[in-house]
Amino acid sequence: MDIIEYLQAQGVGSRKMCRLLLLQNRIEINGQRPPDDIADTLTPSILTIDGETLPTLPLPYFYILLNKPANVETSHKPVHYPSVFSLLPKNWQNIDIQAIGRLDADTTGVLLLTNDGKFNHFLTSPKNQVVKTYHATLKHPADNVLCQRLIDGVLLNDEQEIIKALSAELITPTLLALKIDSGKYHQVKRMVAAAGNRVEYLERIAIGNITVGNLNRGEWRFILPSELAISFQAA
């Protein structure tokens, strides 16, 4: 990868802009004027423009864990709320970063972002049955009858097959822990409705073994490939 490609991959700007910044000696990488050729493995690196340090992405592929807050949309073209991508550094706004699956605007918790299309496809493909764990706050107090209905399976509107939860357990009468291995539109909310209740608030606790850990709402961190290998061994 040449230096122009590297700078574009970090969201610095167009080829023309990157070339101009280099000609004007306004860019440093790791404290030095960058060479013409940069290896793909030049990460982590400290990229500065006019003395200002810009966050850099691991290349060629990166994986980001975001603790999604409410009232942000999982879209590059949001309609009603800001985009989840606006929570990332500004120089990444125009980079091809994709969410792995979607969360509704009012749903919080684990959201993975990446530029690795193959990994994205693996996690979202129904045949791979990646487990997602949710906590759902219910409108009405429930008992184990609701849990058993979800485990036995419910028929959703516009669906022709019974959808089953891997597990369903009440933490309190109005807080449900639910595991599923599919990702249909509004699936958890529709499953709970089909079982006779309503979701008032929804949080995704985990994808595989990946949890938000100590991240506060709106915070993010890189996920190491070694973490992914442990959580998704077939990826």
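What is the gain in length, in nm to one decimal, between Val79 and Thr124 on full extension, counting 0.36 nm per residue of separation less the C-alpha to C-alpha distance? Mind showing how you got there, number by number?
Details: separation 45, 0.36 × 45 = 16.20 nm, distance 2.38 nm.
Here the answer is 13.8 nm.
Excluding Asn197 itself, what net charge comes from residues whose Cβ is under 12 Å from its Cβ, given Lys and Arg +1 and Asp and Glu -1? Walk me through the numbers before you get to the answer.
Numbers: positive: Lys139, Arg149, Lys189, Arg190, Arg198; negative: Asp143, Glu200.
Once all neighbours under 12 Å are counted, the net charge is +3.
Identify, among Ala168, Pro126, Asn214, the residue whose Cα sits farthest towards the positive end of the charge dipole of the stretch 120-235, taking +1 on the Cβ of Lys and Arg and -1 on the Cβ of Asp and Glu, with the dipole about the Cα centre.
Asn214
Using a cut-off of 13 Å between beta-carbons, work out the net charge of the residues near Lys179 (Lys and Arg +1, Asp and Glu -1, Lys179 not included). Working shown, then result.
Working: positive: Lys132, Lys164, Arg204; negative: Glu169, Asp181.
For residues surrounding Lys179, the net value is +1.
In straight Cα distance, which aspartates and glutamates are under 13 Å from Lys139, not counting same-chain residues fewer than 8 positions off?
The reachable aspartates and glutamates, counting only those whose Cα sits under 13 Å from Lys139, are Glu200.
Could you sort the peptides 112-121, 74-83 by per-residue average Cβ neighbour count (10 Å cutoff), highest mean leading?
On the way: 112-121: 16.7, 74-83: 13.1.
By packing density, highest mean first, the sequence is 112-121, 74-83.
Report relative contact order for the stretch 78-158 in percent, whole number only (criteria: Cα-Cα under 8 Å, sequence separation at least 6). Show your work: numbers first, answer last.
On the way: 30 pairs, mean separation 13.8, N = 81.
The normalised contact order for the stretch 78-158 reaches 17 percent.
Relative contact order, percent, of the stretch 167-211 when contacts are C-alpha pairs under 8 Å separated by at least 6 residues?
19 percent
Return a whole-number percent for the relative contact order of the chain, with Cα pairs under 8 Å and 6 or more residues apart as the contact set.
20 percent
Could you work out the helix-only [θ] at 222 nm for the chain, with each DSSP H run of four or more residues adding -39,500 (n - 2.57) and the total divided by the number of residues, to the nearest 500 deg cm²/dmol? Show your work: numbers first, answer last.
Numbers: 6 runs with 48 residues, N = 235.
Calculated at 222 nm, the ellipticity per residue is -5500 deg cm²/dmol.
For the stretch 179-235, which trypsin sites (Lys or Arg not before Pro) pass both filters: DSSP loop (anything but H, G, I, E, B) and at most 16 other C-beta atoms within 10 Å?
Lys184, Arg198, Arg217
What order, most packed first, do the peptides 17-25, 131-139 have when packing is the mean number of other Cβ atoms within 10 Å of each residue? Don't jump to the answer; show the numbers that get you there.
Values: 17-25: 13.2, 131-139: 18.4.
Ranked from most to least packed, the peptides come out as 131-139, 17-25.
For the pair Arg19 and Ile162, what calculated FRET efficiency results from E = 1/(1 + (r/R0)^6), where r is the Cβ-Cβ distance and R0 = 41 Å, to the nearest 0.05? Present the calculation step by step, with values, prior to reporting the outcome.
Working: r = 58 Å, r/R0 = 1.42.
Working from the Cβ atoms, E equals 0.10.
Hey, how many Å between the Cα centroid of the stretch 142-166 and the Cα centroid of the stretch 168-194?
The stretch 142-166 and the stretch 168-194 have Cα centres separated by 9 Å.
Report the percentage of all Cα-Cα pairs in the chain whose separation exceeds 32 Å, rounded to a whole percent. Each step should come with its number before you reach the end.
Values: 8594 of 27495 pairs.
Within the chain, distances greater than 32 Å cover 31 percent of Cα pairs.
Just list whichever of Lys90/Lys189; Lys90/Lys118; Lys90/Lys184; Lys132/Lys184 have alpha carbons separated by over 23 Å in the model shown. Working shown, then result.
Numbers: Lys90/Lys189 33 Å; Lys90/Lys118 26 Å; Lys90/Lys184 32 Å; Lys132/Lys184 12 Å.
Pairs exceeding 23 Å: Lys90/Lys189; Lys90/Lys118; Lys90/Lys184.
Only the coordinates and a few stated rules stand behind these numbers; no lab work does. Every value quoted in this text rests on a predicted model; they were computed, and no experiment measured them. Positions of Cβ are generated from backbone atoms using ideal geometry, with glycine treated the same way; all protein chains shown enter the neighbour counts.
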